[in-house]
Amino acid sequence: MSTNVAIVDNRDPLLHYAGGWVEGGAPVEFNDTTIWTGTRGATISFTFIGSSIAAYATVAAVNQPNASMSFLVDNSIPGAYTPHGVTTTTPHSLLWQSPTMDDTSHTLVITQTAAQSGGVIFFDYLLYNTTSTNVHSFFVDDSDPRITYTGGWEEVLTDDDFQHTSHNSTKVGDSLSLQFVGKSISLYGDWVPGATSNASFAIDGGPPLFIPSTPPAARTTNNLLFNSGDLANGNHTLVVSAANDQPVLVDYFLVTPNGPGPTSPSTTSGSSAASSSSGLSVGSNSVQTKKSTPIGAIVGPVVGVLVLIALLVAALLVYRRRRAHARQGPQSKPDTFQTTPYPYSSYSDSNSPSGDSGLTAYHARHAHVWRPGAPPPGAMLPSSPIDSFGTSDAATQFYPANSVNPPSSNSEIPSRSKGTREARELRQWNINTNARAPASAAGQSTVLEEPPQYVA
């Protein structure tokens, strides 16, 4: 299996921090991020499969700095770094590199052994040689021997580039080619202020793509010049050609391998793949292209679940309603209900039996019970005159005992004269008699109750 160089950014979730670490970053740094600590004893740990590993950082120019780091692989391979004579803040500085080890699983622990406020060592990224494809990305520096330069390319040495090197074209037609194994590739490089650089990019002999003149958001370093997008897994070739006489500055490539990626995917990408090993090389900013799940694959199951829930709720409501009706059973209205005339004050009736007082004793014997076919309780009696007594029915209205609208004043209470009372009781007797009298059957006679008699 071929060996490649993997890159891990300081924000990768595979890195485990302990102690007080502070986030930082600048455009010149990998993924524009770094991290530092002013706490002595703070640690970083990382487990990987590979044969060697190196740590990179931005080191600040501080007079007599009080800062240092120690490195320990598998509790057996030590290392250390202390800045000396740094006169210019330098990104992409190599802090420590392990010796060659077996290509197996290892654990690196980085410890801040001395620290001061403000920070001196700003940890940026790790690079390690590995034959595994279960990494987020590989990277290839511009000085990697797997890159073939054709024409008048020149190597440029600068602190702001990875491995402190880059390549730039000098004339139209200058080209480079890189063979890689993976499913995507990106190229990062520099821009010369005021230049109108242009180049073409072609994958596997396909139609070339051109970059326009310097984009408005361009910066001097870590610019994404090209991204291939998703490619079929396998071997591919990228060819880059200068389209004018303006310099095309190439710093590094990032390649997404064919493998499934790390167990905990990195939040950033950063690597290039190549067919053979070239040792540790510094990479530049990487951008991970993530595949999104098709919307239809999400919406379809969600809608189906919602419809199923709605059907279950509807079925439950229908079941509960039917069950409630079954428990209640058929309801029927009562056949009879009793009404009581509007109460009057005591009235002495000398003709009433047993000496009871007036209407009270009479209605105790002749309580009116309404039955189907009889006038409804509380209904007004006919307004025609009663000939036997010569009185009007204007004062013979009856009110149910539970009426919500009884007379609101004494002026509405019917007259208590003898004629009014006799007319009312006679009419009540007629109603009761008609309601109770059954139809005469053959050979039977019907005996009706005699109406009350009054003596003038």
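For region 219-237, give me the residue count where each residue is surrounded by 21 or more Cβ atoms within 10 Å (Cβ to Cβ) and either over 40 Å from the mean Cα position of the chain (by Cα) or farther than 18 Å from LEU209 by Cβ (or both).
Here the count works out to 2.
Residue-by-condition table, conditions (1) over 30 Å from PRO260 (Cα atoms); (2) of a type in the set (Asp, Glu); (3) modelled with pLDDT of 95 or more:
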| site | (1), (2), (3) |
| --- | --- |
| GLY79 | yes, no, yes |
| THR88 | yes, no, no |
| HIS92 | no, no, yes |
| SER98 | no, no, yes |
| MET101 | no, no, yes |
| VAL109 | no, no, yes |
| ALA114 | yes, no, yes |
| PHE123 | no, no, yes |
| TYR128 | no, no, yes |
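Could you tell me whether ALA195 is under 40 Å from the mean Cα position of the chain (by Cα), part of a loop (DSSP other than H, G, I, E, B), at negative phi and surrounded by fewer than 19 Cβ atoms within 10 Å (Cβ to Cβ)?
No, not satisfied.
Which residues, taken from region 141-177, are of a type in the set (S, T, N, Q) and not in a loop (DSSP other than H, G, I, E, B)?
Those that are of a type in the set (S, T, N, Q) and not in a loop (DSSP other than H, G, I, E, B): THR148, THR150, GLN163, THR165, SER166, ASN168, SER175, SER177.
Is there a residue in region 46-58 that is of a type outside the set (Val, Ile, Thr) and exposed (fewer than 15 other Cβ atoms within 10 Å of the Cβ)?
No: region 46-58 contains no residue that is of a type outside the set (Val, Ile, Thr) and exposed (fewer than 15 other Cβ atoms within 10 Å of the Cβ).
Given the criterion among the small types (Gly, Ala, Ser), out of contact with any helix residue (DSSP H, G or I) (no Cβ under 9 Å at 6 or more places or on another chain) and either under 30 Å from PHE180 (Cα atoms) or assigned to a loop (DSSP other than H, G, I, E, B) (or both), identify the matching residue among SER45, SER70, SER117.
SER117
Identify all residues within region 17-39 that are charged (D, E, K, R) and either in a strand (DSSP E or B) or closer than 18 Å to LEU108 by Cα (or both); write none if there are none.
Of everything in region 17-39, just one residue is charged (D, E, K, R) and either in a strand (DSSP E or B) or closer than 18 Å to LEU108 by Cα (or both), namely GLU23.
Identify, please: which residue in region 18-71 is out of contact with any strand residue (DSSP E or B) (no Cβ under 6 Å at 6 or more places or on another chain) and among the hydroxyl-bearing types (Ser, Thr, Tyr) and is, among those, nearest to GLN97 (Cα to Cα)?
THR33
For GLY20, are the conditions met, namely being surrounded by fewer than 17 Cβ atoms within 10 Å (Cβ to Cβ), modelled with pLDDT of 95 or more and in the same structural domain as THR111 (by TED's automatic domain parsing)?
Against the criterion (surrounded by fewer than 17 Cβ atoms within 10 Å (Cβ to Cβ), modelled with pLDDT of 95 or more and in the same structural domain as THR111 (by TED's automatic domain parsing)), GLY20 does not qualify.
Please verify whether THR87 is surrounded by fewer than 21 Cβ atoms within 10 Å (Cβ to Cβ) and of a type outside the set (A, V, I, L, M, F, W, C), treating the condition exactly as stated.
For THR87, the condition - surrounded by fewer than 21 Cβ atoms within 10 Å (Cβ to Cβ) and of a type outside the set (A, V, I, L, M, F, W, C) - is met.
Which condition does ILE298 not pass, out of (1) modelled with pLDDT of 65 or more; (2) in the same structural domain as SER132 (by TED's automatic domain parsing); (3) under 25 Å from PRO13 (Cβ atoms), if it passes all the others?
Status for ILE298: all satisfied but (2).
List every residue pair whose Cβ atoms lie under 6 Å apart, where the two residues are 6 or more positions apart in sequence or sit on different chains, the first residue falls within region 229-254 and is aliphatic (A, V, I, L, M), and the second residue, located anywhere, is modelled with pLDDT under 90 and surrounded by fewer than 24 Cβ atoms within 10 Å (Cβ to Cβ).
Short answer, once both residue conditions are applied: ALA243/ASN198.
Pick from region 90-114 the residues that are outside any loop (DSSP other than H, G, I, E, B) and among the small types (Gly, Ala, Ser): which of them is surrounded by the fewest Cβ atoms within 10 Å (Cβ to Cβ)? Working first, answer last.
Step one: of region 90-114, the residues outside any loop (DSSP other than H, G, I, E, B) are 90-97, 104-114.
Next cut, among the small types (Gly, Ala, Ser) only: 93, 105, 114.
Numbers: SER93: 20, SER105: 11, ALA114: 14.
Of everything passing the filter in region 90-114, SER105 is surrounded by the fewest Cβ atoms within 10 Å (Cβ to Cβ).
Are any residues in region 220-242 assigned to a loop (DSSP other than H, G, I, E, B) and either more than 30 Å from ALA26 (Cα to Cα) or in contact with a helix residue (DSSP H, G or I) (Cβ under 8 Å, 6 or more places away or on another chain) (or both), and if so, which ones?
Scanning region 220-242 gives ASN222, LEU231, ALA232, ASN233, GLY234.
For VAL135, indicate whether it is β-branched (Val, Ile, Thr), within 26 Å of ASP245 (Cβ to Cβ) and assigned to a loop (DSSP other than H, G, I, E, B).
The answer is no for VAL135.
The values are calculated or read from the model by the stated rules, or taken from the named source; none is laboratory data. This is a predicted model, so every value here is computed, not measured. So basically every Cβ, Gly included, is an ideal-geometry build from the backbone, and we count neighbours across all protein chains shown.
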